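Here is the structure we will look at, set down as structure tokens.
No lab work stands behind these numbers, since they all come straight from the coordinates. The model shown is predicted, which means the values in this text are computed figures rather than measured ones. All Cβ positions, even for glycine, are placed from backbone atoms using ideal geometry, and neighbour counts span all protein chains on display.
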Amino acid sequence: METFQLTNIRKTFKNGEVEEEVLKGVNLSLRPGEITALTGASGSGKSTLLTIAAGLQETSEGEIRFKGKNLADVKEEKLRKVRAEEFGFIFQSSHLVPFLTVEEQLFMMLEVAGKKKEEDEVTAILNKVGLSHRRKAYPSSLSGGEKQRAAIARSVIHRPSVLFADEPTASLDSKKSEEVMQLLEDMTKELGMATLLVTHETEMLSFADRVVHMEDGKILA
Amino acid sequence: MNMALKEMKKNKTRFLIIGAVVFLISLLTFLLSGLANGLSEDNMASIRNLPEGNFHLTEDAEGSYTRSNLDEATVQSATGQNNYAFSVQMGGLEKSERKYSLAFFTSTSTSPFPQPDKGEVVLDSSVKEEGVSVGDTLTHPQTGEELEVTGFADNERFSHSPAAFVNQEEFSSMFRIEDFQVLYTENAKDISGLETFSKSEFLSSIPSYQAEQMTLSMILWFLVLISGMLFAIFFYMMNVQKTGMFGILKAIGVRTRRLFYMMWVQMLTITSLAVLLSGLAGQTAGVLLPEAMPYDLPVSTTLALAAVFLVVGFVGSTFSGLRIRQIKPLEAIQQGEG
């Protein structure tokens, strides 16, 4: 069963008189419990596709079908609600809120998603990402790997349906990258999320259930 | 969880600096307001103490009480209960070698001013501190008339001098002015041959009062304006520094309204604490400053200025916060660490 369906996605940027088409009719489906990895050279359009799928920028043409709705036609406030309740985000940098402790980051996400602040839930996730001993720590005192694990915990605490991960291991060394990817894989399976992973690191592709290669704004067969 | 307070707790120094600046500016505003009000009291307390009503001067006086001479018939017909005439002249009295500069008042019997008998004088209580007591005899240097001090009145000053209330006969002899200068009526607006002024118009017509008050008011409101701009600049700079974080929060679904709420809570917390402290300091200054310094900061003025600061802070921070609305989550993500 498909959770998320992108159909004929096109994106054109205007730069003065010049129009540049960065996505040229992309079709992609994401399935629950699966990591779909998007790879490709820089400028192939993979990050643009992820941000369009996540509702962070508009598509020029095409459909983003999720739970019976076309997100391309949904207004900003509804889209924000979808992002808060149904989506999880992991970025290249951890982007943790600097003045919140690790556990407060998770409580904040639960609040944003309109869910109850369950202490047990937070403890369970922190145990899973191996940060239970750092729950009262501020981001400034965490290592790079710990920050990214905290970011993963924040992205899944509200049990989203879709997880968007944009180069989540780009700032980590290979050992920590593997730890983070293993964690992503475990979370995807355990929570039944449809995960869209953008990466240019071929070593990380082994964690994906499906690898999709992009080139020049198109998905290669 | 209150993110606004958590941020303040984590970044104490940054918010303490903003709070300190707001405290200093609001304290300066309170002190200046106290001084402006004090000077105003020092200048015109005897007029400001009178109830709101109508002040009439002769038309040929062209709005200056010093040139106004009311004829006796007008005074006779217009005065009565709550309607009265008075005159004021600057002069002095002596006691041994000591000279006292005073504003001499005389009035018809229905006025709220003290009504001493011939040969008596009632002085503003500030003269008491200069060594004058009830029963002392003071001499008018030009006429040589002797006046016995029969009492003191609180807060009666005019043109930065203590008021001296004397009998009309004495006043005429001292200043060679037979007629009253100003007619006060509670309700009568139109009296033939007289020009009518409200209390504030009458105060403004007195030389030096308006110039003094306008200068101080301008400084006062300029300070309020500066504080509003400071709020806008401080919060704008903070918001610029937090652009990345706000973008990420928006991306994960935090409402823009909540980010504004966060900024308002911080602004209100800082302003309330800073203005509370500066308000208390402003009130304390009233007790600590020397008597010679005219300073009067009523609680009502303090509260009104505090409210102005809150409104100005709110407007300033909201104006700067408009940037939050423009932040695109995507740009924040692409910029890297927020």
Between the alpha-carbon centers of region B:67-114 and region A:72-117, tell me the distance in whole angstrom.
76
Assertion target for B:Ser317, B:Ser173, ordered by fewest C-beta neighbours within 10 angstrom first, is B:Ser173, B:Ser317
Each residue of A:87-93 has, on average, a number of other protein chain C-beta atoms within 10 Å of its C-beta equal to 4
So, in nm, how far is label B:Gln241 from label B:Asn49 when the simple model puts each one 7 Å beyond its Cα toward the Cβ?
5.4
Förster radius 22 Å - calculated FRET efficiency between A:Glu58 and A:Asn8, Cβ distance, rounded to 0.05:
0.90
Sticking with the crude label model, points 7 Å out along Cα→Cβ, report the distance from A:Asn27 to B:Lys328 in nm, one decimal please.
3.0
Taking amide H atoms as placed 1.01 Å from N in the peptide plane, list the residues 5 or more away in sequence, or in a different chain, whose amide H sits under 5 Å from that of A:Ala137.
A:Val102, A:Glu103
How much length, in nm to one decimal, is gained on full extension between B:Asp190 and B:Thr215, taken as 0.36 nm per residue of separation minus their Cα-Cα distance?
5.7 nm
Rounded if a/c under 1.5, otherwise prolate or oblate - region A:78-117, Cα gyration tensor axes:
oblate
What residues from region B:203-223 fall in the zone where the backbone N is under 19 Å from a label point 7 Å along the Cα-to-C-beta line of B:Thr301?
B:203-206, B:208-223
With the crude spin-label approximation of a point 7 Å out along Cα→Cβ, what separation in nm comes out for B:Leu276 versus B:Glu178?
6.6
Assuming a ≥ b ≥ c are the square roots of the Cα gyration tensor eigenvalues, decide whether region B:68-194 counts as rounded (a/c under 1.5), prolate (otherwise, with a/b larger than b/c) or oblate.
prolate
Using the structure shown, select from A:Lys81/B:Lys328; A:Lys14/A:Lys218; A:Lys11/A:Lys69; A:Lys147/B:Lys328; A:Lys78/A:Lys176; A:Lys81/A:Lys218 the pairs with a Cα to Cα distance greater than 26 angstrom.
A:Lys78/A:Lys176; A:Lys81/A:Lys218
What's the average, rounded to a whole number, of partner chain beta-carbon atoms within 10 Å of each residue's beta-carbon in B:243-251?
4
Estimated FRET transfer efficiency (A:Arg210, A:Lys81; beta-carbon r; R0 25 Å; 0.05):
0.30
Given the peptides A:203-211, B:130-138, A:98-106, arrange them by the average over their residues of other C-beta atoms within 10 Å, most packed first.
A:98-106, A:203-211, B:130-138
What list do you get for A:Arg65, B:Arg14, B:Arg176, B:Arg157 if you sort them by fewest beta carbons within 10 Å?
B:Arg176, B:Arg14, A:Arg65, B:Arg157
Determine the percent antiparallel among the DSSP beta bridges restricted to chain B, to the nearest 5.
80
For region B:20-27, Karplus couplings with θ = phi - 60° (6.51, -1.76, 1.60), whole Hz, Gly/Pro x
5, 5, 4, 4, 5, 5, 5, 5
So, with +1 on the Cβ of K and R and -1 on the Cβ of D and E, and no other charges, what is the size of the charge dipole of the protein assembly as shown about its Cα centre, to the nearest 20 debye?
4140
Residue among B:Leu39, B:Ser159, A:Gln92 farthest towards the positive dipole end of the protein assembly as shown, charges placed on Cβ:
A:Gln92
Per-residue mean of other chain beta-carbon atoms within 10 angstrom of the beta-carbon, peptide A:97-105?
4
Checked region B:113-187 with the C-alpha gyration tensor, a ≥ b ≥ c its square-rooted eigenvalues, rounded below a/c of 1.5, otherwise prolate if a/b is larger than b/c and oblate if not; verdict oblate
List the residues whose amide H sits under 5 Å from the amide H of A:Gly40, counting only those 5 or more places along or on another chain, with H placed 1.01 Å from N in the peptide plane.
A:Met214
Ordered by fewest other Cβ atoms within 10 Å, a rough proxy for footprinting exposure, A:Lys115, A:Lys136 read A:Lys136, A:Lys115
Rank by packing, highest mean first: peptides B:242-252, B:16-26, B:70-80, with packing defined as the count of other Cβ atoms within 10 Å averaged across residues.
B:242-252, B:16-26, B:70-80
Work out from phi, with θ = phi - 60° and the Karplus expression 6.51 cos²θ - 1.76 cosθ + 1.60, the ³J(HN,Hα) of each residue of region B:64-79, listed in order in whole Hz, and give x for Gly and Pro.
10, 4, 5, 9, 8, 9, 7, 6, 5, 5, 5, 5, 4, 6, 8, 8
Contact order normalised by length for region A:73-221, with contacts defined as Cα pairs under 8 Å and 6 or more residues apart; what percent is it?
26
